[in-house]
Amino acid sequence: MKRFSTSKLMSAVIVSLLVVSLVGCKTTSTKVEAVPSVQPTIIQPETKLEQPVQAPVVVETPVVKESPIMVEALAMQYPLGIEPIVKSDAAYPVFDLFIVHTANVQGNVYSTDSSVGYSRLSTMLQVTKSITNNVLVLDAGNVVSGTPIVEQNHGETAGTLLAALGYDAVAPSSGDYAYGTDALLAAAKYAKDNTQLKVLAANVLVKEQYLPFQPYQIYDFNGFKV
């Protein structure tokens, strides 16, 4: 039988205790397991589904062709049915207009100290009308009486001279009623039917007749009204 010495016994006990201690430390230690890494979850923003933009729908309206309506320009209506007399229609935007006015000739065919006379007036009008047609010739009355040459035919001579010289209108005055109103009305009617001369009077009443003479006349020079 082999005997252990005391020193050897103590060494064996110490070694046994160390082994037990190491084993105990190993069994009681907490085992830490590696935690797998978790990838972060990225939440994408909600994407709104936009409605597709549709092109506007063009609805073509059928064009109905209508026959053109002819609208006639309404002519200017003047009182008492007076129609303008066109003296010039050249449509000049700028032009000269000559208005020749006589009065109280009193039947003087030849010029005197108080009257130009129809003979001299005739020369003046011929020169003027050779330059332009924009001439309006008027007389304010006292024409058919005053000299024997015009009175021998109750003023007919003077009326003939006015028409021959190209007068446009005459307004009777007191001396022109020397042969009576009826004679003057007859002369005015003859002038209207046979000449371009207008006998105008807006302030005469005869036997309660309203406006026995033509009251006025409109003359048109390139759109300019006189």
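The values are calculated or read from the model by the stated rules, or taken from the named source; none is laboratory data. Predicted, not measured: the structure shown is a model, and the values here were computed from it. All Cβ positions, glycine included, derive from the backbone under ideal geometry; neighbour counts span all protein chains shown. Quick note on the areas: whole protein, heavy atoms, side chains included, nothing else; ligands and nucleic acids left out. Shrake-Rupley method; radii C 1.70, N 1.55, O 1.52, S 1.80 Å.
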| note | Subset of the range 174-219, residues in contact (Cβ under 8 Å) with a residue 60 or more places away in the chain, polar (S, T, N, Q) and not in a loop (DSSP other than H, G, I, E, B), comes to Q214
| Close pairs (7 angstrom Cβ cut-off, 6 or more residues apart or separate chains): within 17 Å of Y190 (Cβ to Cβ) in the range 136-155, assigned to a loop (DSSP other than H, G, I, E, B) and open to solvent by 50 Å² or more (accessible area, probe 1.4 Å) anywhere | H154/Y179; G155/Y179
| field | Residue list for the range 116-150, restricted to those being of a type in the set (V, I, T), buried (at least 19 other Cβ atoms within 10 Å of the Cβ) and either in contact with a Cys (Cβ under 8 Å, 6 or more places away or on another chain) or closer than 30 Å to N222 by Cα (or both) | value | V135, V137
| said: G141 - would you say it is more than 26 Å from Q77 (Cα to Cα) and assigned to a loop (DSSP other than H, G, I, E, B)? | reply: yes
| field | Residues of the range 80-115 classified as loosely packed, with under 12 Cβ neighbours inside 10 Å, of a type in the set (A, V, I, L, M, F, W, C) and in contact (Cβ under 8 Å) with a residue 40 or more places away in the chain, total | value | 3
| said: Take the conditions of a type outside the set (A, V, I, L, M, F, W, C), farther than 21 Å from H101 by Cβ, surrounded by fewer than 21 Cβ atoms within 10 Å (Cβ to Cβ) and touching a strand residue (DSSP E or B) at 6+ places or on another chain (Cβ under 7 Å) and apply them to T181. Does it pass? | reply: yes
| remark: Inside the range 90-115, the number of residues satisfying the requirement of being in a strand (DSSP E or B) and among the aliphatic types (A, V, I, L, M) is 2
| note | Filtering the range 151-178 for residues that are open to solvent by 50 Å² or more (accessible area, probe 1.4 Å) and β-branched (V, I, T) leaves a count of 1
